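What follows is a short report on a single structure.
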Amino acid sequence: MSIYIVNTGPNKEVHRSAHVETACNIHLIAPSHRLNTDTDYTVLYPKEYDGCEHCYTEKHWK
């Protein structure tokens with residue numbers, strides 16, 4: 001299982017798989033914009049990707 005779910009669409013948001021909540025609305029991410037990965041995009045691209053306000057609050061800044 002991947003550690004992160006990345007929304008590569010306009011929102012550019014990172015979710016932590018183990019802490020996903022209903023409010024994260026993962027089901028609304030289009031398959032073409034969803035990436036399941038072990039790479040934390042908030043570290044790799046800190047100015048572009050934001051942590052989810054529900055499941056990755058320590059990296060949430062938008």
Reported set for segment 4-29 where residues are outside any loop (DSSP other than H, G, I, E, B) and either touching a residue at least 60 places away in the same chain (Cβ under 8 Å) or of a type in the set (Val, Ile, Thr) (or both) is 5, 6, 14, 22, 26
Filter segment 30-45 for residues that are part of a loop (DSSP other than H, G, I, E, B), under 13 Å from residue 4 (Cα atoms) and open to solvent by 90 Å² or more (accessible area, probe 1.4 Å) and give the result. 38
Taking segment 51-62 and keeping only residues that are open to solvent by less than 50 Å² (accessible area, probe 1.4 Å) and part of a loop (DSSP other than H, G, I, E, B), one is left with 52, 55, 56
Scope segment 16-29; condition surrounded by 15 or more Cβ atoms within 10 Å (Cβ to Cβ) and hydroxyl-bearing (Ser, Thr, Tyr); matching residues: 17
From 48, 13, which residue is charged (D, E, K, R) and either surrounded by 15 or more Cβ atoms within 10 Å (Cβ to Cβ) or touching a strand residue (DSSP E or B) at 6+ places or on another chain (Cβ under 9 Å) (or both)? 13
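The values are calculated or read from the model by the stated rules, or taken from the named source; none is laboratory data. Just so we're clear, the structure is a prediction, and the values are computed from it rather than from any experiment. Quick reminder, even Gly has a Cβ in these numbers, built from the backbone with ideal geometry, and neighbours come from all protein chains shown. We work out accessible area using only protein heavy atoms, side chains counted, and drop any ligands, DNA or RNA first. Shrake-Rupley method; radii C 1.70, N 1.55, O 1.52, S 1.80 Å.
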